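Student: What follows is a single structure, and I will ask about it in a moment.
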Amino acid sequence: MKENKRLFMGGFVFLSILVCGSMTVFAVDEAAEYVPKMYASFWSLIPPIVAIALALITKEVYSSLFVGILIGGIFYSGFTFEATITHVFQDGIVGVLSDSYNVGILVFLVVLGIMVCLMNKAGGSAAFGRWASEHIKSRVGAQLATVLLGVLIFIDDYFNCLTVGSVMRPVTDKHNISRAKLSYLIDATAAPVCIIAPISSWAAAVTGFVEGEDGFSIFIRAIPYNFYAILTIVMMITIVVLNIDYGPMKLHENNALRGDLFTTPDRPYANTEEDALESRGTVVDLVVPIVVLIICCVIGMIYTGGFFGGAGFIEAFSNSDASIGLMLGSFFALVITIGFYAVRKVLKFGESMACVPDGFKAMVPAILILTFAWTLKAMTDSLGAAEYVAGLMDTASDGLVNLLPAIIFIVGCFLAFATGTSWGTFGILIPIVVDVFSGTNETMMIMSISACMAGAVCGDHCSPISDTTIMASAGAQSNHVNHVTTQLPYAITVAAVSFVTYAVAGFAKNVFICLPIGIVLMVGTLLVIKKKSAE
C-alpha cells in the first residue's frame, strides 16, 4: 500500500513539473513541418515497449496502453504539457477514430457482436452445442474442429477470430477446454492462415506493397517459404493430437479440466451472455447466418475491388478494401438474419432489436483496446519508428546476404511486436526487399518477402497491442492478458524454429529441402518439450 502511494506521489510530482515546464506555447512554424528531436531514433520504439512490458507485468491492459500513448506524446512534444495533451487526444485518439478504415472495422465489430447475440438468443448456438456434443466426443476432437473451422475461414483475420469464437465456444466449454487455449487456437488460425491464403484481405495487402513486380504471382510463390505460418499449423495439430501443453497454458488447461475455464477472476464478457431460447432454436439458426455472413462479406470485398465494374475475381480481391467490404457484408448479413428469424418465428422483431445494444456492449472491451492500440501506433508513427527500422534494413551488410532472410524475419518480428501491426510492417520492409533484390536474385527476393510476411505475422501474433490478438480474446471471450501470456511461449517456440529454417533456406535456396527440415525440427522440439514438461 505504501509503495502504491509512493508511486502515485512520484507520478503526481512528475506531472506537476511537466505542467510548470510547459508555460511556453508549443509553437510550430506552419511553413515547415514539425519534426520531433527523437524522430527516427531508437526512442521511437520506447512507447510500445513500455506499454507491452507494463501489460505483461501488471496484467492490466487499458492503463498500460495509455501510459505508452502518453510517453509517445511526451517524446513527440519535447516534454511540453500543452503539446503532449493535444497530440495524444487530437492527433491520437480523435485522429484514429476519425479514420474511415478504423471506423469501418469498429462497425464490423459491433455488427458481429449483434449477430452473435442474435444467434445466442435464438438458440442456434445452444443447438449447435448439443449437436456437437453428440458428434464431437473428446477434447482432441473439439480442438481439431476449432482448428479446421479456423483454416476454412481464411478470408479475413478479424472475421475469422469472431466467427470461430462464437461457433466453437459452446463446444470447447462442453469439453472443459480453457478460454486461453481457445484464444490461442483462434489466433493461430487467423493471421497465419490468411497470410498463406491467395484469396484473402492479407493477400490483397501484400500484393499492393510489391511495386514494379507481379505482386500476386510473387505472393503465390512465397507461400511455401512462409515457414512461420506453416509451422504454426503443424504445431497446433501436434500439441492437440499429442496433448502437449507447457508454460502458463498448462496451468490454464489443468484448471479447465477441474471446471475453471478462466483461471483468473476476471470475466470481461460475463455480463454480456444472453439466455438462449433453446426450445425455438435449431442448428439451422446458427449455420444459415454464418453461411450468409461469409457470402455477404466475400461479395462486399469484391464489390469494393470493382468486381461489378468489370474487374476479375482475383483482381477485385487484390484491390478490395477490407474495412468497407466487411462492414457492408456484415450489415446485409445482419438484415437477412433478422428477416430469417422473423420468418421462422424464432425471434420477433422486437426481440431482435433488443440484441442491438447487447451486441454493442459485448464488443466494448475489444473496441476500447483497439482504440488504444491504434492510438499507440499513431504515436510511434509520429516519432518515425518506421523510418528508423527502414534505415537499419538499408544498412544491412552485403557479407550477410545468405542470412538476410533470417535477419529480415527477426526484424519483422520485432517491428510488428512493437507496433502491433502486420500490414504496417509489410509496408516498411517489402519495398526495401524488392529494391535490394529485384532483377538480381529472384529466389532470394521471394524468400526475403516471405520472411517479411512471416516475421510480421509472428510479431503480430505475440503482441498484446495487435488488433488480431485483441480480436482473438474477444472471440473466445477470454481475459486479454491471459491470452497473451499463455500464447507467447507457443509463438516464440515456432519463431525459434522458423529462424533456424530461414537460416538454412538462405544457403540451400530450395523449399523442398528447407520446409521438411523445419517440420521435423518443429515436431522434434515439441516432443522434447513434452518430455521435459513431464519430468
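The values are calculated or read from the model by the stated rules, or taken from the named source; none is laboratory data. Note that the structure is a prediction, hence the values are computed from the model and not measured. Here the Cβ is made from the backbone with ideal geometry for all residues, glycine too, and neighbour counts use every protein chain on show. Ligands, DNA and RNA are excluded from the accessible area calculation, which covers all protein heavy atoms including side chains. Shrake-Rupley method; radii C 1.70, N 1.55, O 1.52, S 1.80 Å.
Student: Calculate the all-directions average of the projected area of region 407-480's alpha-carbon convex hull, and give it in nm².
Tutor: Approximately 4.7 nm², given one-decimal rounding.
Student: Could you give the alpha-carbon Rg of region 454-535 over 2.2 N^0.38 Å, rounded to two decimals? Can you show the working numbers first?
Tutor: Working: Rg = 15.2 Å, N = 82, 2.2 N^0.38 = 11.7 Å.
For region 454-535, the normalised Cα radius of gyration comes out at 1.29.
Student: Measure off 7 Å from each Cα along the Cα-to-Cβ vector at residue 130 and residue 251, then give the distance between these two points in nanometres to one decimal.
Tutor: 3.9 nm
Student: Rounded to the nearest whole Å², what accessible area per residue is found for the chain with the 1.4 Å probe?
Tutor: 41 Å²
Student: Sticking with this one: Output the relative contact order of the chain, whole-number percent, from Cα pairs under 8 angstrom with separation of 6+ residues.
Tutor: 24 percent
Student: Report the full-extension gain for the segment residue 176 to residue 513: residue separation times 0.36 nm, less the Cα-Cα distance, to one decimal in nm.
Tutor: 117.3 nm
Student: DSSP loop (so not H, G, I, E, B), at most 11 other Cβ within 10 Å: list which trypsin sites (Lys or Arg not before Pro) in region 103-196 pass both filters.
Tutor: 137
Student: Rank 49, 367, 410 by accessible area, highest first, at a 1.4 Å probe radius?
Tutor: Solvent-accessible surface, decreasing: 410, 49, 367.
Student: All other residues with a Cβ under 14 Å from the Cβ of residue 464 taken together, and with Lys, Arg as +1 and Asp, Glu as -1, what is their net charge?
Tutor: Result for the neighbourhood of residue 464: -2.
Student: Kindly rank 321-327, 467-473 from highest to lowest mean number of other beta carbons found within 10 Å of each residue.
Tutor: My ranking of the peptides, most packed first, is 467-473, 321-327.
Student: At a 1.4 Å probe radius, which order do 423, 202, 374 fall into by accessible area, largest first?
Tutor: Accessible-area ranking of 423, 202, 374, largest first: 423, 374, 202.
Student: Label region 62-187 by shape, choosing from rounded, prolate and oblate, from the square roots a ≥ b ≥ c of the eigenvalues of the Cα gyration tensor; if a/c is under 1.5 it is rounded, and otherwise prolate applies when a/b is larger than b/c, oblate when it is not.
Tutor: Prolate.
Student: A follow-up question, please. Quantify how much of the Cα-Cα distance distribution of region 279-422 extends past 24 Å, in percent.
Tutor: 59 percent
Student: Turning to a different aspect of this structure: Which one, (1) 28.0; (2) 22.1; (3) 35.6, gives mean projected area of the Cα convex hull in nm² as derived from the coordinates shown?
Tutor: Among (1) 28.0; (2) 22.1; (3) 35.6, the one derived from this structure is (1).
Student: Roughly speaking, what is the centre-to-centre gap between region 67-108 and region 121-188 when only Cα atoms are used, to the nearest Å?
Tutor: 36 Å
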